[in-house]
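As structure tokens, the structure follows; a few thoughts come after it.
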Amino acid sequence: SIKTEAKFAEGSSRVVNGAVVTDTVTYEGLVPGKEYVLNAELRNKADESVIGKSNPDEPVKFTPESASGDVDVKIIVNDDVKAGSVKQGVAYEYLTSTAVDASGKDSESGDENKIAEHTDINDKAQTVDSHDELTLLIST
């Protein structure tokens, strides 16, 4: 099983193009010593459209030393997301493995097996809120 906590990476505070969301995924019940792959995407809470993804060219691969732990995945907001267009983003996570199946048994086929996913659009722990920047006007 997996659960998550999403937050803006340092330097980011709004869901806008190029912003980075760090998604800390806590897992339980994995097979130590077997490789897993974690992918994530950010969805607009208003319409569930995908507005960012973890790097598909560099998926987060990890081999847990114990059945429980956590791993971070970074999600980069798409270039076409404009300031003010997204109030809340929700992280969705997908955990797969070619080494084991969902029950933890060795997988001989080498196929990608779905292990767990966390895709709750209403989960506050996986939600990031855009904060409006304040502008200070100084008159001279």
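Overview of values
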item: Neighbour cut-off at most 10 other Cβ (10 Å), DSSP loop, GluC sites (Glu not before Pro), region 1-55; result: Glu10
item: Leading residue at positive end of dipole, the chain (Cβ point charges), from Ile121, Ala46, Leu30; result: Ala46
item: Per residue solvent-accessible surface (Å²) - the chain, probe of 1.4 Å; result: 60 Å²
item: Cβ-placed point charges (K, R +1; D, E -1), dipole of the chain about Cα centre in debye, nearest 20; result: 400 debye
item: Evaluated at q = 0.19, 0.25 Å⁻¹: base-10 log I(q)/I(0), Debye formula over Cα of region 1-49; result: -0.78, -1.05
item: Relative contact order (%) - criterion: Cα under 8 Å, at least six apart; region: the chain; result: 30 percent
item: Percent carbon-and-sulfur accessible area, the chain, ignoring ligands, DNA and RNA, probe 1.4 Å; result: 45 percent
item: Under DSSP loop assignment and at most 12 Cβ neighbours within 10 Å, longest trypsin sites (Lys or Arg not before Pro)-free interval of the chain; result: 1-81
item: The chain: Lys pairs at Cα distance under 13 angstrom, eight or more positions apart or on different chains; result: 10
item: Cα-based convex hull, region 1-133, per residue volume (Å³, whole number); result: 102 Å³
item: Length released on extending from Val20 to Lys114, taking residue separation times 0.36 nm less the Cα-Cα span; result: 31.3 nm
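The values are calculated or read from the model by the stated rules, or taken from the named source; none is laboratory data. Quick caveat, the model's predicted, so the values are computed rather than measured. With ideal geometry, Cβ positions are generated from the backbone for all residues, glycine too; neighbour counts draw on all protein chains shown. Accessible surface areas use protein heavy atoms only, side chains included; no ligands, DNA or RNA. Shrake-Rupley method; radii C 1.70, N 1.55, O 1.52, S 1.80 Å.
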